[in-house]
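Q: Quick one: the structure is below, questions incoming.
Laboratory data are not the source of any read-out in this text; all were calculated from the coordinates shown. This structure is a prediction, so every number in the text was calculated from the model and none was measured. Cβ coordinates were reconstructed from backbone atoms using ideal geometry, including for glycine residues, and neighbour counts include every protein chain displayed.
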Amino acid sequence: MNKGADRILDLYQRHAAAWQSDRLRTHFDERSWMDRFLEMVPVSGEVLDLGCGCGEPVAAYLVEQGRAVTGVDGAAMVALSRARLPTQTWVQADMRGLDLARRFDGVLAWNSFFHLAHDDQRAMFAVFARHAAPGAPLMFTSGTEHGVAMGTFRGEPLYHASLDTEAYRALLHEHGFEVVDHCPEDTSCGGLTIWLARRLDALET
């Protein structure tokens, strides 16, 4: 058990309102990457947003662009998301081991997946594959090398971890995804390291 990673849900539960306030004050640098992701999602499609936060700006932008959203997060974040976007689907759950018994036209784990411990990150690729429809994009953020990086939020430790680049490439391949793009520390997007991949099932039919 990794105590730092296992405290993430509780930390965001207790500081949900503060996180929402901070998030809504920041510039939406992610728009260009969201647009690339959405180019691969049908206009009538549905996106699974793992670690959806308060539903804004990311989920709100997806909805504005004509996609439905199913968001997954802890209770406090789901409540905030539901209040902002009541017509969408919000699920209170831990993304680790998630099984919604359906597939989506896109899967997103934006600034959420990197809070998981190394073994949990490895296990998440089966979750991604279980929920991605044939041809669906998967987009997530990570670090650039194997390790742990501790930040802080409201004076409390905030856990981040990453595998190395080759490990992510291998896991994507193993679970039926091809890498569309990988951008380490994108300066136009707040220094985030971004992976955009696609589920390969559609290419085999």
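Q: Going by amide H atoms built from the backbone, whose H comes under 5 Å of the H on Trp90, apart from near neighbours?
A: For Trp90, the qualifying residues are Gly71.
Q: Separate question: What value does segment 48-133 have for Rg/Rh, both radii from Cα atoms and Rh as Kirkwood defines it?
A: Using only Cα positions, Rg/Rh for segment 48-133 is 0.94.
Q: Beta carbons within 10 angstrom, averaged per residue: use that to sort the peptides 91-99, 34-42, highest first.
A: 34-42, 91-99
Q: Let me ask something additional. Short version: ³J(HN,Hα) in whole Hz for each residue of segment 60-77, in order, from phi by Karplus 6.51 cos²θ - 1.76 cosθ + 1.60 (θ = phi - 60°), x for Gly and Pro, what are they?
A: With coefficients 6.51, -1.76 and 1.60, one gets 4, 5, 4, 5, 4, 8, x, 9, 7, 10, 10, x, 10, 6, x, 4, 5, 5 Hz.
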